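Here is the structure we will look at, set down as structure tokens.
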Amino acid sequence: MSRRTGFALSRLSLCLAVFLVGACVATPRAQAVTVDLSVTGTIDTNGNTIFGASGTAVPVNVGFTVDTSLAGPTVTILKGSNILGTTFATDFYGYDVAGLSHFNLSFGNHSWASSSLRSLSVAPGKAAHLWLDVDLATGATPTGIWLSARDAAGQFDVGGGRNTPAGMTFRDVLTVTGGGNQGSGFIATIAPSATFAATAVPEPHGLSLAASLLAILLAQRRRNRP
């Protein structure tokens, strides 16, 4: 290989290394967000007293924070997917309890902790503590939700999943059980009250690799100078 050809290849390699460093700096990781979600609705206790509350329209207020860097979604099932015979009529995004905080799930005088959330399966091998019909990182507002909390005193279900002739979809129901009695109602709203974008950072492994390559090429180029 001639000296001129070697010099041209060296310059080409140097340009490639500079490009890789720039790409690593400019290209962030997938952005994580923190979203405060609130769910409102009412429950009819069917003439019973459940956790000290009774009535045909007992108000329900559920709230919690989802940090997608911890919660995910860890499971993504897109509309039209078929998993072992179960077809999905809408998107299902599953989130893990590890990313849920400021958890407020109560009815009457009883509250459920985030540790009481159940793992909910929508298909074989597809389970999560919280299901929504959107990826929160996109900024979309969910219209479907499913979470369920259970402890020694009772159970509270917010939303749900059901298999219809068109496929698996969400239910907008509310159900509370306690003291042997059950009340039910419907979700009125699901709203993200605040969204904060996390600061994007460059990928460290790709950046260090490109920087190392650049350093090697610069050293080689100095050695090859006359």
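The values are calculated or read from the model by the stated rules, or taken from the named source; none is laboratory data. Computed from a predicted model, the values in this text were never measured in an experiment. Don't worry about glycine lacking a Cβ; one is built from the backbone with ideal geometry, like all the others, and counts go over all protein chains shown.
Residues being over 23 Å from Asp67 (Cβ atoms) and part of a strand (DSSP E or B): count how many of those fall in region 147-186.
In the first step, residues of region 147-186 are kept if they are over 23 Å from Asp67 (Cβ atoms); the result is 150-155, 157, 160-169, 171-186.
Restricting the remaining residues to those that are part of a strand (DSSP E or B) gives 150, 154-155, 157, 160-164, 167-169, 171-178, 181-186.
So the answer is 26.
Pick from region 106-121 the residues that are of a type in the set (A, V, I, L, M, F, W, C) and modelled with pLDDT of 95 or more: which of them is surrounded by the most Cβ atoms within 10 Å (Cβ to Cβ)?
Taking region 106-121 first, the residues of a type in the set (A, V, I, L, M, F, W, C) are 107, 112-113, 117, 120.
Among the residues that remain, those that are also modelled with pLDDT of 95 or more are: 107, 112, 117, 120.
Values: Phe107: 25, Trp112: 23, Leu117: 21, Leu120: 18.
The selected residue is Phe107.
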Exercise for the section: Evaluate region 128-136: report whether one residue or more is under 26 Å from Thr195 (Cβ atoms), touching a His at 6+ places or on another chain (Cβ under 7 Å) and hydrophobic (A, V, I, L, M, F, W, C). Expected result: no
Practice task
Being touching a residue at least 12 places away in the same chain (Cβ under 8 Å) and either more than 17 Å from Gly167 (Cβ to Cβ) or in a strand (DSSP E or B) (or both) is the filter here, so list the residues in region 79-99 that pass it.
Solution key: Ile83, Thr86, Thr87, Phe88, Phe92, Tyr93, Gly94, Tyr95, Asp96, Val97, Ala98, Gly99
Problem - Extreme residue, farthest from Trp146 (Cα to Cα), among residues of region 159-189 that are surrounded by fewer than 16 Cβ atoms within 10 Å (Cβ to Cβ) and in contact with a Leu (Cβ under 9 Å, 6 or more places away or on another chain) - result: Ser184
Exercise for the section: Considering (1) modelled with pLDDT of 50 or more; (2) in contact with a strand residue (DSSP E or B) (Cβ under 6 Å, 6 or more places away or on another chain); (3) aliphatic (A, V, I, L, M), say which one Leu70 fails and leave the rest. Expected result: (2)
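Which one is surrounded by the fewest Cβ atoms within 10 Å (Cβ to Cβ) among residues in region 147-158 that are free of Cβ contacts under 8 Å to residues at least 60 places away in the same chain and touching a strand residue (DSSP E or B) at 6+ places or on another chain (Cβ under 7 Å)?
Restricting to residues being free of Cβ contacts under 8 Å to residues at least 60 places away in the same chain and touching a strand residue (DSSP E or B) at 6+ places or on another chain (Cβ under 7 Å), the top hit is Asp151.
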Exercise for the section: Please work out which residue is nearest to the chain's Cα centre (by Cα), limiting yourself to region 74-91 and to residues that are under 17 Å from Arg171 (Cα atoms) and of a type outside the set (A, V, I, L, M, F, W, C). Expected result: Asp91
Exercise for the section: Would you check if there is a residue in region 139-151 being within 19 Å of Thr40 (Cα to Cα) and touching a Pro at 6+ places or on another chain (Cβ under 7 Å)? Expected result: yes
Practice task
Would you check which residues across region 84-96 are surrounded by 20 or more Cβ atoms within 10 Å (Cβ to Cβ) and within 11 Å of Leu130 (Cα to Cα) and list them?
Solution key: Phe92, Tyr93, Gly94, Tyr95
Handout entry: Any hit, region 33-51, residues being closer than 30 Å to Gln182 by Cα, out of contact with any strand residue (DSSP E or B) (no Cβ under 8 Å at 6 or more places or on another chain) and either modelled with pLDDT of 50 or more or in a strand (DSSP E or B) (or both)
Key = yes
